[in-house]
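Data first, discussion second: the structure below is written as structure tokens.
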Amino acid sequence: MNIKRSLKFSKMKQPFTASSSSSSSSSSLIRKARLSPYLLTLLVFIVFVAILYGEDFMCLLGQLDPNLDRPATSRTEKKWEKLPFSTGRTPEGCDFFSGRWVWDDSNRPLYEESECPYIQPQLTCQEHGRPEKDYQHWRWQPHGCDLPSFNATLMLETLRGKRMMFVGDSLNRGQYVSMVCLLHRLIPEDQKSMETFGSLTVFTAKEYNATIEFYWAPFLLESNSDDAVIHRVSDRIVRRGSINKHGKNWKGVDIIVFNTYLWWMTGQDIKILQGSFEDETKDIIELSPEDAYRMAMKSMLRWVRKNMNRKKTRVFFTSMSPTHQKSIDWGGEPGHSCYNETTLVDNATYWGSDCKRSIMEVIGDEFSRSRFPITFLNITLLSNYRKDAHTSIYKKQWSPLTPEQIANPVSYADCVHWCLPGLQDTWNELLFAKLFYP
């Protein structure tokens, strides 16, 4: 998915030396050029445009790197060094997102569930009765190279005096909580706190003057599902061109991690509001999920270009998180799901039916046009293998279960979210790797 640009520049011609016989004609040409108002106007216009749109010209000259998940072998050293926070680079030919899961009961999990008080009860599988811990002991091993070990000390020092923010839905919130759990043990109890202000949750490391934040915006754009607590709306509506409604809360961050996918996948066309939610008569059209998602990607990239500083900040985008609702996808019995699954999918080419390749194509298409370097965290394939890692029935249930549900656990098993510690810690290992070794 790398985008390679190569622009050829012609060598500048050396100034010619006029002979005595041609000096008079040269002077005549210079006088004509000086007297030409058209040439003067053209030069002024070129200088004005170069100053006004200097950043865009730099983009066209390849100074910004819109590469996604694979290392750019054609990238010059100068371009690579411009990525903020980097301390090295991905080894030649190494793709961190292509690999296999290996059993590791010596170094996994990276923390214990009971040691991290910030995990929501929807994700604490051991507390809610999961009888085994095998899902905690798998480590991602890229082909032909190793994933850098997560260094909490380095991460915290990098965040000193800075803001890191995760923006998106509850899956991004899970990755956010995982990051907090990976870091909080290094911070004294009286030097850390977590507070929630509506859509914004803020973990503060006081000693480091740093914050790690989560902002609820499942569509990134304004929608009727923006309440961080009450957002189960069957008739979802997204407002076109409204990213600033949320984006005003993202300004000033140094590292931002976006995600959005699952909320677009309703099985139907998406309702798009073209006016305001306050309008008495609402102008609503319907778009296919792909067209609606493309609209959101364009808005997100436009916001990034206008509000993030490519010399000081980093932008990440996490790909779709798979669900495992249909066991027939991996050769299981019809009518089953992730419930009672404790092993991994062993088919290296497995791709779940819920992961729409057409959405991946939209992402690749739009990111290839980006004039800002977006680091793409392609967690979809590696997560597709992990039918064992969902919360299933081992979570807090917000409503009492009916006798029918109790008799049929498949009917209420959560095959969307992931137990912590678990898979999403690997997502953050990949984030760490791409932050420091892009």
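The values are calculated or read from the model by the stated rules, or taken from the named source; none is laboratory data. Quick caveat: nothing in here was measured; it's all calculated off a predicted structure. No Cβ is skipped: glycine too gets one built from the backbone with ideal geometry, and neighbour counts run over all protein chains shown. All accessible areas refer to the heavy atoms of the entire protein, side chains included, with ligands and DNA or RNA removed. Shrake-Rupley method; radii C 1.70, N 1.55, O 1.52, S 1.80 Å.
Would you be able to tell me the number of residues in segment 168-185 that are farther than 15 Å from W427 by Cβ and either among the small types (G, A, S) or surrounded by 16 or more Cβ atoms within 10 Å (Cβ to Cβ) (or both)?
Keep residues of segment 168-185 that are farther than 15 Å from W427 by Cβ, which gives 184-185.
If we keep only those that are either among the small types (G, A, S) or surrounded by 16 or more Cβ atoms within 10 Å (Cβ to Cβ) (or both) too, we end up with 184.
Total satisfying the criteria: 1.
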When residues of segment 191-232 are limited to those that are closer than 21 Å to D291 by Cβ and out of contact with any Pro (no Cβ under 7 Å at 6 or more places or on another chain), the one surrounded by the fewest Cβ atoms within 10 Å (Cβ to Cβ): N224
Meets criteria (open to solvent by 30 Å² or more (accessible area, probe 1.4 Å) and more than 14 Å from the chain's Cα centre (by Cα)) for R386: no
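Being in contact (Cβ under 8 Å) with a residue 60 or more places away in the chain and either over 14 Å from Q424 (Cβ atoms) or more than 22 Å from the chain's Cα centre (by Cα) (or both): is that true of F203 here?
Values: in contact (Cβ under 8 Å) with a residue 60 or more places away in the chain: yes; either over 14 Å from Q424 (Cβ atoms) or more than 22 Å from the chain's Cα centre (by Cα) (or both): yes.
Considered against the rule, which asks whether it is in contact (Cβ under 8 Å) with a residue 60 or more places away in the chain and either over 14 Å from Q424 (Cβ atoms) or more than 22 Å from the chain's Cα centre (by Cα) (or both), F203 comes out as yes.
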Checking E333 against (1) under 14 Å from the mean Cα position of the chain (by Cα); (2) part of a loop (DSSP other than H, G, I, E, B); (3) more than 19 Å from W418 (Cβ to Cβ); (4) of a type outside the set (K, R), which single condition isn't satisfied? (1)
For segment 248-258, indicate whether the set of residues that are at pLDDT below 95, of a type outside the set (K, R) and under 30 Å from R163 (Cβ atoms) is non-empty. no
Among residues belonging to segment 258-305 that are part of a loop (DSSP other than H, G, I, E, B) and in contact with a helix residue (DSSP H, G or I) (Cβ under 8 Å, 6 or more places away or on another chain), point out the one that is most open to solvent (accessible area, probe 1.4 Å). D269
When segment 310-330 is checked residue by residue, the ones that are open to solvent by less than 70 Å² (accessible area, probe 1.4 Å), in a loop (DSSP other than H, G, I, E, B) and modelled with pLDDT of 95 or more are T313, S319, M320, S321, P322, T323, H324
With the condition kept exactly as written, say whether any residue in segment 232-240 is in contact (Cβ under 8 Å) with a residue 40 or more places away in the chain and in contact with a helix residue (DSSP H, G or I) (Cβ under 9 Å, 6 or more places away or on another chain). yes
Among the numbered criteria (1) in a loop (DSSP other than H, G, I, E, B); (2) of a type in the set (D, E); (3) over 30 Å from S392 (Cα atoms), which one does E157 miss? (1)
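Can you pull out the residues in segment 371-383 that are over 14 Å from the mean Cα position of the chain (by Cα) and under 15 Å from R302 (Cβ atoms)?
R371 - this is the single residue of segment 371-383 that is over 14 Å from the mean Cα position of the chain (by Cα) and under 15 Å from R302 (Cβ atoms).
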Test P121 against the stated conditions and say whether it is part of a loop (DSSP other than H, G, I, E, B), open to solvent by less than 70 Å² (accessible area, probe 1.4 Å) and not polar (S, T, N, Q). yes
